[in-house]
Amino acid sequence: MRAVAKTANKPGNKKSFWQKCLQQKTLIFMSLPLVLLKILFAYVPLLGWVMAFQNYKPAKSFFDQDWAGLAKFEFLFKDAVFLRDIRNTLAMSLINLVLGFVTAILLALLLNEIKNVVFKRTIQTISYMPHFLSWVIVAGIVQNVLSTDSGIVNDILLRIGAIDSSINFLGEPKYFWGIVGASNVWKEVGWNTIIYLASMSAIDPSLYEAAEMDGAGRFNKILHVTLPAIKSTFIILLIMNIGNILNAGFEVQYLLGNGPIQDVSETIDIFVLKYGMQKNDYALGTAAGIFKSVISVILVFGANWISGKLGEDKLV
Amino acid sequence: MKKMFKRILAGSLAAAAAVSMTACSNDTKTTEGGTQKHFSVFITGSTEEPSDDNKLMKKIEEELGYTFDFEYLVGNEAEKVGVMIAGGDYPDIVSCGDNTFVQAGALTPLDEYISEEKTPNIWRHIKDCYNKLCYEGDGHLYVIPAYGLFDGPETDGVYQGPAFWIQKAVLADAGYPEVKTLDEYFELIENYQAKNPTINGMSTIGFEILATTGFEWVLTTAPNYLDGNPNDGDVKVDKETYDAEIYANSDFAKRYFKKLSEEYAKGIIDPEAFTQNKDQYISKISSGRVLGMFDQHWVFQPAEQSLTTQQLYERQYVPLPLVFDEGTEPWYRTEPYEQVGQGYGISVSCEDPEAVVQMFETFLSEEWQKLFQWGVEGEDYMVDENGRYYRTPEQRTQQDDPVWKAQNKMNAFFYNLPKIQGSYTDGNGASAGAQQEEFEASLVDYDKEFLAKYGKKNWMEFLNTPPENPVYFPAWNIDKVDGSDADYANQKLTDLAVRYLPRLIMSDAGTFDSVWNEYCAEIDNVDVQAYEDRMNEVIDWRVENWAQD
Amino acid sequence: MRIKHKSIGDRIFELCNGLLMIILAVVMLYPIINTVAVSFNDATDTLRGGIYIWPRQFTWYNYEVIWQTANLGVAFGVSVARTVIASALNVFLTAMVAYTLIRQDFVLKRFVTIIFVLTMYVNAGLIPGYLLNKSLGLLNNFWVYILPGLVSAFDLIIVRTYMKSIPGSLIESAQIDGAGEFKIFLTVILPLATPVLATVALFCAVAQWNSWFDTYIYCGSAKNLTTLQYELMKALSTSMNQSGSTANVLNADQAANQVTPTSIRAAITIVAAVPILCVYPFLQKYFVQGMTLGSVKE
């Protein structure tokens, strides 16, 4: 494909930038207006980032605020609790990242192996339904299922004799990250497969036939036809998600968290909610947002660069 | 397409200007005082939207000519109020829960519109506490409180406040004893649980604790009541000197948690208490197997409702004002007090504040209060030959029906309006809940017998008789000032309590002291001084400015 | 795919796979069924717990309350309008921009990509966004639902990645035939990208359908711009306030209730999810049309 692009390039290679622009005016017309729209709606408001350096009060304009310098950042990074929350956020989003990718791809592959179209579509539709439940509902169900008081998990474990007395799963710090990871998978795995299924639909059936003629079994076909076909989607999604590593969400942790496990359950977003939003301190949330943005951008471009070095697809 | 781009271009220029925008851009159109009839209202506290054919709304429009646009609080209040303030455009009437709007300069002072001549109803309603209602920042009146201003004594039969609650069955089983101290309370529970290890086929839970986010106060405030102090939030205010001090690390707090940890070790306290959510808490209480808890009544009200429908009356609860030691006067129930700062404010965007005040004045008349609270005579309530108001059973039932309410009540709007509580000049209770006959009619036979055994007329009488409130009271509503050191210290203390108290209660006798010392050491690292200073500052201010002459 | 002979291994695999999928479906279906059961169960009875897959005391009442108290007619119309308009615009515009990005020689390729990609990781926060929309006249304006989110970076990258797998030779031969860029996009690329565009349409439709926060912040006082999810959130909020989550409930009248947040939440979830769930099976048929690509490709 790259070779193809190069040959198409050939005539334009030595032209100046403006000549090229003129030549590609249709392409520019097709993309630039939307770029301007994005600049308007996503970048112009970023001027509001100045509030991170102010004691921002919404009643006054950005220019009439008291300047606070780096006080908001200092407040965050001097607090051992915030540093702990960074750790928790990283841990939970790493777990989500790995679990999310593995389960989604696995489910997509298995769904792809189902031959009966009706069965396949039914399973697929069912698997993505939990996506439409709010976290409040899902967390409520998780709490009921894991309850020491007639919860089904403890009930089963007791019956098969795996444990002697009920385990208070939500009261023990060691289980929490796993529970959050599993809840995420439960809620989102079906939804996450959609992208992969879409990219699998681009596979040329003749490739399977050719592989079959070469004597490839089911496993080999997956390995040599299906997986390579979704590889670029996988890599691009991976790079994009690495940038979200400081966003572990907050709803599920907020809903499932409690006093005894606060040390592992609180995330950056919960900290910001408690010390920023609930105290009408918008600047603190902005400061935390800037911090997250900077880290995200560094990570995304880092991952992008590494991917390029490895000869894989690049995001940018 | 091109037109759209032009717009977008214009938009980006405007956007750059937006960043320098100031908040106070309200129109200066003037209307003649007191003539505006259509108002936009920002509503919090309830979203119970009146339907288009709402009976009361129609009446208001027909008789008074007022019409409304309502905007409701649905999500996070800080977010909605934040953008409102940043944008500088407000509905004419805004619901206030704290000082946020006042501090942002969003409200119009009401002083000039209120006087004995211009607004006799409002004047009569607030004249005794006018100085208390003024904003401490500038001495002006901005909000007429929606709750806490009583005409006549509080006559509600049901207690909604904080108490140690105990199942009626436990008291009945023990022969209807008077329970005064925490030790007696747990002894009763222990005995009953030993005799009845299961209730309705499920294991009995002696004492339940709600500890989920938003309900931290259930664990933290109980010791203050046990020590004989009123609802001052997380400080104990000295009764002589009015000196406020946190009690999180006090000896009496330690005493309470020590007791809880002993009970935990005995298996009286639900082992799941600290990980459950509110739904699970409510569901356990609804099943009838929880013998007692410390709570405010409104929190577990839905569970009582469920017990009523299951007719498990003996599994419902009685409030007890417990103390540590006999001889301490309990102070759970307090005299009603003004909910300062909570109610409607008139925004600076409103062109005709006088018209709004005049509307409040009209609505505060007994005629309209009865329409809001009781409804329409003959339809929503009846009047007997002695002039007493009552409801038929059907009328009582429909009061709970959300669909009926949407068509007949305006609770969301009324919630923050100034209102009459207690009783009207004709002696009828302000609302059905305040009418003794209505309360009695709601009692089932079991309750009647139960009350008779104690020689009491209603549940309220299980509480202490409230003494006169101290001048500064209550300390719980003192504005900690968002983002101040006092505010952060307060948040830190809550965080520490959430982390340590469950550990403390679950620790055994051997480790209790070391966990307690760890907790106290962490508290010492918090800027408690800043918090106490702020509390004392406001208490002193109140003592100086609130005292009646 | 035509498979003429199945080995025993194949059969065992298919059996196991089928069983696994059924178990999975049960696990995935449970929360939905539970929610349905709760939504049809008497609210006060639900408080006792123990509702699993079947209502214990059947009632329509939770739905009736929503139906009677929320302003659903207008809201449904607005929700459908914003979902349809936004999805159609997004699919077309996203595909258009994505097409320019697969043209290796496009001069602004890197610039456009970076501008879009960064939007995924920077967020100005609520207040600056509000001030912008206010100054653009987008408060209480239908377009506030559409414009700010037009062409999401995530969708764009997904579409671009997919389009990259379309052989460049197709574009080349169209160019040789003298087709302009726009025509190539419309006639060659757009039809071939159907599966991924169906995905984007789904993502966009679901996001639009589920959105209530923008109504709340930007159109809270415009009765004719209310959306289904917003009305449902309002119903939920009402039930929460009724069960006494405000601190100053002084009379029992207010605290008494017959619906509870749990039951209302279950019912609104179902009301909101059913229409959008119907969209997916309809879009699903585009996912197997990889055949088109196979036939074009030589």
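Quick check for me: using +1 on Lys/Arg Cβ and -1 on Asp/Glu Cβ, what's the dipole size of the protein assembly as shown about its Cα centre, in debye to the nearest 20? Mind showing how you got there, number by number?
Details: 93 positive and 131 negative charges, 1817 e Å.
Using Cβ point charges on Lys, Arg, Asp and Glu, the protein assembly as shown gives about 8720 debye.
Rounded, prolate or oblate: which fits chain A when a ≥ b ≥ c are the square roots of the eigenvalues of the alpha-carbon gyration tensor, with rounded for a/c under 1.5 and prolate only if a/b beats b/c? Write out the running numbers ahead of the final one.
Values: a/c = 2.44, a/b = 1.06, b/c = 2.31.
Oblate shape, in that a/c is at least 1.5 and b/c is the bigger or equal ratio.
Starting from the Cα of residue A:309, step 7 Å along the direction of its Cβ; do the same at residue C:74; then give the gap between the two resulting points in nm.
5.9
How compact and how long is the range C:1-84, expressed as Rg and Dmax of its alpha-carbon atoms in Å?
21.5, 60
Mind checking the dipole of the range A:142-293: about its Cα centre, +1 per Lys or Arg Cβ, -1 per Asp or Glu Cβ, Debye to the nearest 20?
About 200 debye.
Can you compute the helix-only [θ] at 222 nm over chain B? Use -39500 (n - 2.57) per DSSP H run of at least 4 residues, normalise by all residues, nearest 500 deg cm²/dmol.
-12500 deg cm²/dmol
Which residues' amide hydrogens lie under 5 Å from the amide hydrogen of residue B:421, considering only partners 5 or more residues apart or on another chain, with H built in the peptide plane?
Sorted by chain and number, the residues that satisfy this are B:151.
Once you have a ≥ b ≥ c as the square roots of the Cα gyration tensor eigenvalues for the protein assembly as shown, tell me rounded if a/c is under 1.5, and otherwise prolate or oblate according to whether a/b is larger than b/c.
prolate
Give the Rg/Rh ratio for the range A:17-69, taking Rg as the radius of gyration of the Cα atoms and Rh as the Kirkwood radius, to two decimals.
Values: Rg = 18.5 Å, Rh = 13.9 Å.
So for the range A:17-69, dividing Rg by the Kirkwood Rh gives 1.33.
May I ask you to evaluate 6.51 cos²θ - 1.76 cosθ + 1.60, the Karplus curve with θ = phi - 60°, for each residue of the range B:327-342 and list the ³J(HN,Hα) values in order in whole Hz, giving x for glycine and proline?
These are the phi-based 3J(HN,Hα) values: x, 6, 7, x, 9, 7, 6, 10, 4, x, 9, 4, 8, 4, x, 9 Hz.
What residue among C:42, C:155, C:105 has the largest mean-square fluctuation in a Gaussian network model of chain C, using Cα springs under 10 Å?
Comparing C:42, C:155, C:105 in a Gaussian network model of chain C, the most mobile one is C:105.
Please list 3J(HN,Hα) in residue order for the range B:451-458, calculated via the Karplus relation 6.51 cos²θ - 1.76 cosθ + 1.60 where θ = phi - 60°; whole Hz, with x for glycine and proline.
Karplus values, whole Hz, x for Gly and Pro: 4, 4, 4, 8, x, 10, 8, 8.
Mind listing the long-range amide H neighbours of residue B:290? Cut-off is under 5 Å, sequence gap 5 or more, other chains count too, H placed in the peptide plane at 1.01 Å from N.
Long-range HN contacts for residue B:290: B:205.
Just flag the GluC sites (Glu not before Pro) in the range A:165-243 sitting in loop per DSSP whose Cβ has no more than 14 other Cβ atoms within 10 Å. Walk me through the numbers on the way to the answer.
Numbers: sites: A:188, A:209, A:212; in loops: none.
Answer by residue number: there is no such site.
Hey, if you put +1 on the Cβ of every Lys and Arg and -1 on every Asp and Glu Cβ in the range A:104-235, which of A:158, A:171, A:229 ends up farthest toward the positive end of that dipole?
About the Cα centre, the residue reaching furthest to the positive side is A:229.
Please identify which residues in the range B:526-545 have an amide N closer than 15 Å to a label point set 7 Å out from the Cα of residue A:80, following the Cα→Cβ vector.
B:526-527
Tell me, what HN-Hα J-couplings in whole Hz come from the Karplus equation 6.51 cos²θ - 1.76 cosθ + 1.60 at θ = phi - 60° for each residue of the range C:171-180, using x for Gly and Pro?
Once rounded to whole Hz, the list reads 5, 4, 5, 5, 5, 4, 6, x, 6, x.
Between residue A:156 and residue B:544, what is the label-to-label distance in nm when each label sits 7 Å out along the Cα-to-Cβ direction?
Each label point is offset 7 Å from its Cα along the Cβ direction, giving 6.7 nm.
Taking Cα atoms of chain B, Rg/Rh with Kirkwood Rh, to two decimals?
When Rh is taken as the Kirkwood radius, the ratio is 0.99.
Need the list of aspartates and glutamates near residue A:20 for cross-linking: C-alpha distance under 16 angstrom, and skip anything on the same chain fewer than eight residues off.
Straight-line reach from residue A:20, under 16 Å: C:105, C:181.
With n ≥ 4 as the cut-off for DSSP H runs, can you work out [θ] at 222 nm for chain C, using -39500 (n - 2.57) per run divided by the number of residues, rounded to the nearest 500?
Calculated at 222 nm, the ellipticity per residue is -20500 deg cm²/dmol.
Taking just the alpha-carbon atoms of the range A:198-245, what radius of gyration and Dmax come out, in angstrom?
Calculated on Cα positions, Rg and Dmax stand at 13.4, 44 Å.
Is the range A:156-198 best put as rounded, prolate or oblate by its Cα gyration tensor, with a ≥ b ≥ c the root eigenvalues, rounded for a/c under 1.5, and otherwise prolate when a/b is larger than b/c, oblate when not?
Oblate.
Projected onto the charge dipole of chain C (+1 at Lys/Arg Cβ, -1 at Asp/Glu Cβ, origin at the Cα centre), which of C:37, C:101, C:139 gives the Cα projection farthest towards the positive end?
C:101
What longest region of chain B stays clear of GluC sites (Glu not before Pro) that DSSP places outside H, G, I, E and B and that have at most 11 other Cβ atoms within 10 Å?
That would be B:241-325.
How much mean residue ellipticity at 222 nm does chain A get from its helices, if each DSSP H run of length 4 or more adds -39500 (n - 2.57) and you divide by all residues, to the nearest 500 deg cm²/dmol?
-20500 deg cm²/dmol
In terms of modelled amide H atoms, which long-range or inter-chain residues lie less than 5 Å from the amide H of residue C:151?
none
State the answer as a single residue: which of A:243, B:163, A:139 lies farthest towards the positive end of the charge dipole of the protein assembly as shown, with beta carbon charges of +1 for Lys and Arg and -1 for Asp and Glu, about the Cα centre.
Result: A:243, furthest along the dipole toward the positive end.
Within chain A, which is the longest segment containing none of the trypsin sites (Lys or Arg not before Pro) that sit in a DSSP loop and have at most 13 other Cβ atoms within 10 Å? Each step should come with its number before you reach the end.
On the way: sites that count: A:14, A:15, A:78, A:115.
Here the longest segment lacking exposed loop sites spans A:116-316.
Once you treat every alpha carbon in the range C:46-95 as an equal point and sum by Debye, what is log10 I(q)/I(0) at q = 0.15, 0.19, 0.21 Å⁻¹?
Relative scattering, expressed as log10 I(q)/I(0), comes to -0.67, -0.75, -0.80.
With the cut-off at 25 Å, tell me which of the pairs B:37/B:409; B:180/B:254; B:409/C:134 have Cα atoms farther apart than that.
Checking Cα-Cα distances, B:409/C:134 exceed 25 Å.
Pairs B:168/B:195; A:221/C:285; B:239/B:492; B:132/B:480; A:57/B:236; A:174/A:274: which are spaced more than 21 Å apart, C-alpha to C-alpha?
A:221/C:285; B:239/B:492; A:57/B:236; A:174/A:274
None of the figures in this text is laboratory data; all of them are computed from the coordinates on show. Keep in mind it's a predicted model, so treat the numbers as computed, not measured. We place every Cβ from the backbone using ideal geometry, glycine too, and count neighbours over all the protein chains shown.
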